[in-house]
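Enquirer: For reference, the structure I am asking about is given below.
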Amino acid sequence: LKPAQGQIVFQNERIEGLAPHLIVRKGLLQSPEGRGIFANLTVLENLEIGTYCRNDSRAEKARDMENVFSLFPRIKERLKQVAGTLSGGEQQMLAVSRSLMGKPKLLLLDEPSLGLAPQIVETIFSIIKKINSQGVTILLVEQNAHQALKIAHRGYVVETGQIVLQGLGSELLSDSRVREAYLGG
């Protein structure tokens, strides 16, 4: 999609109108809302698709796959399974894993906890924090404001397309306006 106005800049370079595969090669990857896995392919095939735009060696791709397995051991157990037969939580893990296989500099996560059981939500947020600690910048769009602000360095509260509050995640978590409107008082 082309923006109606303005510019999209990533690493000091305008990217609006750039072909998606060129954006991916620059290190901007997304794990979309609703997971967006290839349901009829295996888990392994989904992960391999994540490396499509990479030009590095098989050995480097294998190292990155091992990193994915260290973050999501369940994915390794399911490599030969058809992705559409995974549980919702496993599909979310696969969607994030596939994005990680593209070697993101900036990882866009759109509603990673949507529709997941509370225990899986805790796991997903813990892993998001680990991914960030490995040097990947993350832009997280999330309805679960409490979980998101607990791990966010910086947060923005958006209402009808406008930023109405911004600050450190910890500041927003304790802000009375945020607590009242988004965290149940």
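The values are calculated or read from the model by the stated rules, or taken from the named source; none is laboratory data. Since the structure is predicted, the reported quantities are computational estimates derived from the model, not experimental observations. As a convention, Cβ positions derive from the backbone with ideal geometry for all residues, glycine included, and neighbour counts pool all protein chains shown. Heavy atoms of the whole protein, side chains included, go into the accessibility calculation; ligands, DNA and RNA do not. Shrake-Rupley method; radii C 1.70, N 1.55, O 1.52, S 1.80 Å.
Enquirer: Probe of 1.4 angstrom, ligands and nucleic acids ignored: what's the accessible area per residue over the chain, in square angstrom?
Expert: With the other protein chains kept in place, the chain gives 59 Å² per residue.
Enquirer: Explain nothing, just the number: relative contact order of the chain, from Cα pairs under 8 Å at least 6 residues apart, as a whole percent.
Expert: 20 percent
Enquirer: Which one of Ala145, Asn55, Pro104 is farthest out on the positive end of the charge dipole of the chain, using unit charges on Cβ (Lys, Arg +1; Asp, Glu -1) and the Cα centre as origin?
Expert: Positive-most Cα among the choices belongs to Asn55.
Enquirer: Could I ask something else about it? Give the long-range amide H neighbours of Gly167: residues separated by 5 or more places, or on another chain, with amide H under 5 Å away, using H modelled in the peptide plane at 1.01 Å from N.
Expert: For Gly167, the qualifying residues are Gly155.
Enquirer: Relative to the Cα centre, what is the charge dipole magnitude of the range 73-114, using +1 at the beta carbon of each Lys and Arg, -1 at the beta carbon of each Asp and Glu, and rounding to the nearest 20 debye?
Expert: So the dipole magnitude of the range 73-114 works out to roughly 280 debye.
Enquirer: Heavy atoms only, probe 1.4 angstrom, no DNA, RNA or ligands counted: give me Thr51, Thr85 ranked by accessible area, highest first.
Expert: Result, largest first: Thr85, Thr51.
Enquirer: Next question, about the same structure. About the Cα centre of the chain, how large is the charge dipole given +1 on each Lys and Arg Cβ and -1 on each Asp and Glu Cβ? Please answer in debye to the nearest 20.
Expert: 520 debye
Enquirer: On to the next question. To the nearest 10 degrees, how steep is helix 118-133 against the longest Cα principal axis of the chain, on a 0 to 90 scale?
Expert: Relative to the chain, helix 118-133 is tipped by roughly 80 degrees.
Enquirer: Starting from the amide H of Thr137, placed 1.01 Å from N in the peptide plane, find each other amide H under 5 Å away whose residue is 5 or more places distant or on another chain.
Expert: Leu107
Enquirer: Mean residue ellipticity at 222 nm from the helices of the chain, using -39,500 (n - 2.57) per DSSP H segment of n ≥ 4 over the full residue count, to the nearest 500 deg cm²/dmol?
Expert: One gets -12500 deg cm²/dmol as the mean residue ellipticity at 222 nm.
Enquirer: Here is a further query. Across the chain, how many lysine pairs separated by 8 or more positions, or lying on different chains, have Cα atoms within less than 13 Å?
Expert: Number of lysine pairs found: 4.
Enquirer: How large, in percent, is the carbon and sulfur part of the accessible surface of the chain at a probe radius of 1.4 Å?
Expert: Of the solvent-accessible surface of the chain, carbon and sulfur hold 52 percent.
Enquirer: Heavy atoms only, probe 1.4 angstrom, no DNA, RNA or ligands counted: give me Tyr182, Tyr156, Tyr52 ranked by accessible area, highest first.
Expert: I get Tyr52, Tyr156, Tyr182, largest accessible area first.
Enquirer: Just to confirm my numbers, what's the Cα centroid distance between the range 3-46 and the range 160-174 in Å?
Expert: Taking the Cα centre of the range 160-174 as reference, the centre of the range 3-46 is 25 Å away.
Enquirer: Moving on to the next point. Using the reciprocal of the averaged 1/r over all distinct C-alpha pairs, how large is the Kirkwood radius of the range 1-54 in Å?
Expert: It is 13.1 Å.
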